[in-house]
Amino acid sequence: MIRSRVMKPLSGSRFALLFAVLALVMVSTRFKHFGDALHLPDASMAVFFLGGLYLRRHVAFVLLVALAVALDWVSIRYAAVSDFCVTVAYAFLPLAYAALWYAGRWYAPRLRAGLPSLLGAFGVALLAASLSFAISNGSFYWLGGRYANPHVAEYAARLWQWGPLFVRTTLAYVAVALAAHAVCARIMATSAMPHRKEA
């Protein structure tokens, strides 16, 4: 029987490699919220959850937030992306990402390769993504100044219109990452088992 072990914090080259992979995923996908025929949908929310789950360090969170802001600036300044979403409410984006990062960081000591633990991680990602979207979308709607007469009914309608799309995209990326985690853990556990001597 292969036992599921508690995942230890990454260090050294593994930490640097995973940070680079997550940063690359963000760079590659951030310009398209829901993707199109040539682009994958934005993986930023999943990157922050997975970063909290695997990287854990506060400095990594700060660096990824800085990367996200830099990418937005470049896309608006040089790629003709609309600045409609950049308002005073943009200041709440780090808080929205923190909900994802620190939810993943909270669950990290509980993460194992077994199905119940992976489903638990998926459930935490669902809750964290929902909260994160509510923070970013709510701050934009109520504080962004883009709506002349904001009211609860309209906000609820917009939340329901866009929320499931963002959350579903996040969960799709998280599901792929957790599946890869399970496969890698299985391979490592199998290779670590002592070979039985033939009778």
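When you go through Val81, Val65, Val88 one by one, which is the residue that is in contact with a helix residue (DSSP H, G or I) (Cβ under 8 Å, 6 or more places away or on another chain), loosely packed, with under 13 Cβ neighbours inside 10 Å, aliphatic (A, V, I, L, M) and without any contact (Cβ under 8 Å) to a residue 60 or more places away in the chain? Break it down stepwise before answering.
Working: Val81 fails: loosely packed, with under 13 Cβ neighbours inside 10 Å; Val65 fails: loosely packed, with under 13 Cβ neighbours inside 10 Å.
Of the residues listed, the single one that is in contact with a helix residue (DSSP H, G or I) (Cβ under 8 Å, 6 or more places away or on another chain), loosely packed, with under 13 Cβ neighbours inside 10 Å, aliphatic (A, V, I, L, M) and without any contact (Cβ under 8 Å) to a residue 60 or more places away in the chain is Val88.
Would you check if Ala125 is surrounded by 13 or more Cβ atoms within 10 Å (Cβ to Cβ) and under 22 Å from Val25 (Cβ atoms)?
Spelling it out, Ala125 is indeed surrounded by 13 or more Cβ atoms within 10 Å (Cβ to Cβ) and under 22 Å from Val25 (Cβ atoms).
If you take the residues in the range 41-62 that are buried (at least 16 other Cβ atoms within 10 Å of the Cβ) and either free of Cβ contacts under 8 Å to residues at least 24 places away in the same chain or among the charged types (D, E, K, R) (or both), which one is farthest from Leu127 (Cα to Cα)?
Applying the filter and picking the extreme gives Arg57.
Please pick out the residue among Arg158, Arg168 that is over 22 Å from Ser28 (Cα atoms) and surrounded by 12 or more Cβ atoms within 10 Å (Cβ to Cβ).
Step by step, each of Arg158, Arg168 is checked, and only Arg158 is over 22 Å from Ser28 (Cα atoms) and surrounded by 12 or more Cβ atoms within 10 Å (Cβ to Cβ).
Within the range 143-155, which residues are surrounded by 14 or more Cβ atoms within 10 Å (Cβ to Cβ) and touching a residue at least 24 places away in the same chain (Cβ under 8 Å)?
Residues satisfying the conditions are Leu143, Gly144.
Values in this text are rule-based calculations from the coordinates and carry no lab data. The structure presented is a predicted model; accordingly, all values stated were derived computationally and were not measured. Quick reminder, even Gly has a Cβ in these numbers, built from the backbone with ideal geometry, and neighbours come from all protein chains shown.
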